[in-house]
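Remarks on the structure that follows.
The values are calculated or read from the model by the stated rules, or taken from the named source; none is laboratory data. Since this is a predicted model, take the numbers as computed values, not measurements. We place every Cβ from the backbone using ideal geometry, glycine too, and count neighbours over all the protein chains shown.
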Amino acid sequence: MIEKMHGIIDEITLDAATFHSEKFQPTFINFFFGKNGAGKSTVAKAFEDPAALHWQAGVNPDSYSILVYNQDFIKRNFDTYGDLQGVFTLSEENVEIRKQINEKTAERDDTVTAGKAAAGERDKKKAELEPLQSTFQTTCWDFTEAVRRTFEKTQNGKKKKAQFSEEVLSGHHAAVHHSIEEISALYDIAYDPNAKNYSIFKSSNDLTAVFDLSGLPLLGKAITSSSDTEFARFMKAIKATDWVKSGHAAYAKHADGKCPFCQQDLPESFEKDIAECFDEEYQQDIAALGAFQTAYSDKMEQLLALLRANLTDVFPKVDTRDYEKKLAQLESRITTNLQRIAEKMTAPAKTVELLDTDTLIGELDDLITEINKQIKANNDIVSTKHDKQLECYRMVWEEIAYILKDEVSAYIKSKKEIEDAAETLDKRVKDLQKDYKRLSAEITDLNSKVVNTKMTVDSINAHLNDSGFEGFRLQEKAGVKGVYEVIREDGKVAENLSEGERNFIAFLYFYHIVRGSRSEQEAGKDKIVVIDDPVSSMDSSALFIVSALVREMLGVCSNNVRLEGHEYEGTYIKQMFVLTHNAFFHREITYNMVSHYRYVSFYQVNKKKNISTLEHCVEEAKRVSEKDRNYNPVKNSYSALWEEYDRLDSPIPLMNVIRRILEYYFLQLCGYESDELCRIVLEDNKERFMTPVEGGAPDYTKFHLAQAMLSYIKRSDSFNDGLHFVDESIDCKQYKDAFWIIFEAMNQTQHYHMMMNEKE
């Protein structure tokens, strides 16, 4: 388990004011956060009591200077308006140091000029990226318009120039050329929401029945009888054999023994005579011809039915015009052939020839083969639609990459040239910034070595100027060594200083003391620095500067334990303690400190029932594989107020927190005027605060509490003059109930629940 590294002072006992034998073991850097009145000042004053401090074994306390910034320090060093002690050091001013200061100041000025020029060139070079990118995006967009529009569904999420060009530059797509026809064939099906499988066309080969067409040669044979009876010879002589045969077949069954033509009685031997007219071979040929007619008709009927069925629910991409044309031709030829066969049956002696159908059937089978290729391609895509969409997406973007390969190459090259040039210039700027910081530190160090109030004033004014502070500057007072005046922006000596300005100047003075020394006794000693609420009543500009200076001191202290990452030079600060109630300031100086568990500690100062305690902000490891770690008790100032509100059980501090929440949320964030807020809550919603009392007058305690809460924030300067009475006998729950009703009246219950981590 990683353990904390104790500082030079390795234990402090707090046994004054509201603390009772509270002990803690500080590390090198220690942060304390707590509301006003919690006991922070007591922690700071403990450093004035040697009995409260326990030093590491072998450490001589006289080898260290304990520097405490608090209200006592301000009173001691800023007790009369406009006068502030100078900073005295061990060594005397000499010509060599002055010469070095002047040389380094000139060098620093040159560094500033060069830095501004380099920064300007860098920014100008970086500005070239925007038009380059814009031109590239437009080029990509215009060059690929046809592809994008044709295959629009592959562009989802990339339908704006910036998104499209970003995908082009992603490197996800190889530059491969694909024909538009190839992509379209895949796209039209893969991205068609109505795409489905279609039946394969059947060909003549799919006829499974067996048909006896052996009688085909009989069509070209004259089928006649060879009988030699007198009646047979007579029919042959008059060439009426076929006529007699067909007439007998048509009418004999209905003749009733009479000739159908002359109505004379037929001889009894008529049927025998007719039968003897046709010999056995004739009869066999006629039977074979009839079988052929039936087989041919059945086969052609089934074939046509099969070929016609192919035209039911046809794949829309298939062009069936040639197929339908040839099928119609086949139907016509089959009809003609059936007629000719029928003629042959009527006149067996007549020879007939069938029209060619095999060629048409073969051509239809060839068409079916090609059509089935299209249908199969469609069915293959439909059955693997998702994969085919991915394939189509890949092909489209490969084609886009192919179209834009030269433009992409040119853009990447130009962009890299600009970025490389800008990076070179940026390195130049950073090097000059380092030179500026180094020179400033060297100048400050040289200034600290001379007993010269003006040098201190110049250094403080330099901090103000470099930070953009414009409220005032310091000027050495003529004829009074070690005293300087506060000069306003108009050049006049300040007649009044606010509390914040007074504290600000005092802290700048304290900062220079930390960097230098005030007496020969302090010269050469390392420092233990204690800072108690340095930003009280300061405006944002001053707070920013103070935060930066405190971070610098923290950096110097960190140099004692950090092996690398030294942003600031020196190790003369051996231990630091920073105490504040200002959440913003706390966050400003601690944002990069939480992770340094070994040498940084966080504490929250709590006070309950007039007893102060320190809460060490450490999350203990829950498993062997984990490590203990710090946590920052301050999320942000507003959230911290709500956390305080949730914990408080004393009316006076609770009322103060409520005032700050109401002021910040409703006046600063929501933009209400205080009078408007009071009207909505106390006039329009007065009944919400009433508690009915059975048999008596309503209880308006919550209403009066709400009045008291809102009266705190009614003044424009938000100053509490102490005249608003808070009744400690009233249960804190009633205060919180009234506070809730205010949010309810303002239709802000959702915000209340959010800040309290509650579900509505």
query = Which condition number in (1) buried (at least 23 other Cβ atoms within 10 Å of the Cβ); (2) at pLDDT 85 or above is the one that Leu549 fails?
reply = (1)
ask   = If a residue has to be part of a loop (DSSP other than H, G, I, E, B), crowded, with 19+ Cβ neighbours inside 10 Å and in contact with a helix residue (DSSP H, G or I) (Cβ under 7 Å, 6 or more places away or on another chain) to count, how many in the stretch 1-34 make the cut?
value = 3
key: Candidates His177, His172 - the one that is in a loop (DSSP other than H, G, I, E, B) and under 20 Å from Lys416 (Cβ atoms)   = His172
note = Of (1) touching a residue at least 40 places away in the same chain (Cβ under 8 Å); (2) under 60 Å from the mean Cα position of the chain (by Cα), Lys326 satisfies every one except (2)
query = Considering only the stretch 354-363, how many residues are surrounded by fewer than 16 Cβ atoms within 10 Å (Cβ to Cβ) and in a helix (DSSP H, G or I)?
reply = 4
task = Read through the list (1) loosely packed, with under 13 Cβ neighbours inside 10 Å; (2) assigned to a helix (DSSP H, G or I); (3) at pLDDT 90 or above, then give the number of the only condition that Tyr402 fails.
result = (1)
inquiry  = Filter the stretch 275-292 down to the residues that are modelled with pLDDT of 70 or more and either outside any helix (DSSP H, G or I) or of a type in the set (A, V, I, L, M, F, W, C) (or both) and list them by number.
reply    = Asp279, Ile286, Ala287, Ala288, Leu289, Ala291, Phe292
request  = Check whether at least one residue in the stretch 342-349 is under 30 Å from Phe143 (Cα atoms), part of a helix (DSSP H, G or I) and either β-branched (Val, Ile, Thr) or assigned by TED's automatic domain parsing to the domain that holds Ala174 (or both), and report yes or no.
outcome  = no
note = Filtering the stretch 629-663 down to residues that are part of a helix (DSSP H, G or I) and of a type in the set (Lys, Arg) yields Arg647, Arg659, Arg660
Which listed residue, of Ala185, Ala119, is in a helix (DSSP H, G or I), at pLDDT 90 or above, small (Gly, Ala, Ser) and surrounded by 15 or more Cβ atoms within 10 Å (Cβ to Cβ) = Ala119
inquiry  = I need every pair where a residue in the stretch 339-362 that is free of Cβ contacts under 8 Å to residues at least 24 places away in the same chain and over 14 Å from Phe292 (Cα atoms) has its Cβ under 9 Å from the Cβ of a residue that is of a type in the set (Lys, Arg) and in a helix (DSSP H, G or I), sequence separation at least 6 or different chains.
reply    = Leu355/Arg333; Leu355/Arg340; Asp356/Arg333
request  = Within the stretch 154-169, track down each residue that is assigned to a loop (DSSP other than H, G, I, E, B) and under 16 Å from Ile403 (Cβ atoms).
outcome  = Lys158, Leu169
query = Which pairs do you get when a residue that is in contact (Cβ under 8 Å) with a residue 12 or more places away in the chain, found in the stretch 649-660, comes within reach of a residue that is among the charged types (D, E, K, R) and part of a helix (DSSP H, G or I), reach meaning Cβ atoms under 6 angstrom, with the pair 6+ apart or on two chains?
reply = Val657/Glu644
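For (1) under 30 Å from Asn606 (Cβ atoms); (2) at pLDDT 85 or above; (3) in contact with an Asp or Glu (Cβ under 9 Å, 6 or more places away or on another chain); (4) crowded, with 18+ Cβ neighbours inside 10 Å, each residue gets a yes or a no:
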position: Thr42; (1), (2), (3), (4): yes, yes, no, yes
position: His54; (1), (2), (3), (4): yes, yes, yes, no
position: Gln71; (1), (2), (3), (4): yes, yes, yes, no
position: Asp83; (1), (2), (3), (4): no, no, yes, no
position: Gln100; (1), (2), (3), (4): no, no, yes, no
Single residue of the stretch 422-471 satisfying the filter (among the hydroxyl-bearing types (Ser, Thr, Tyr) and either in a helix (DSSP H, G or I) or crowded, with 16+ Cβ neighbours inside 10 Å (or both)) that is modelled with the lowest pLDDT = Thr453
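Table: residues versus (1) surrounded by 13 or more Cβ atoms within 10 Å (Cβ to Cβ); (2) in contact with a Ser or Thr (Cβ under 9 Å, 6 or more places away or on another chain); (3) modelled with pLDDT under 90; (4) not in a helix (DSSP H, G or I).
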{"position": "Val352", "(1), (2), (3), (4)": "yes, no, no, yes"}
{"position": "Asp365", "(1), (2), (3), (4)": "yes, yes, no, no"}
{"position": "Ile375", "(1), (2), (3), (4)": "yes, yes, yes, no"}
{"position": "Asn378", "(1), (2), (3), (4)": "yes, no, yes, no"}
{"position": "Ile381", "(1), (2), (3), (4)": "yes, no, yes, no"}
{"position": "Cys392", "(1), (2), (3), (4)": "yes, yes, yes, no"}
{"position": "Lys413", "(1), (2), (3), (4)": "no, no, no, no"}
{"position": "Asp420", "(1), (2), (3), (4)": "no, no, no, no"}
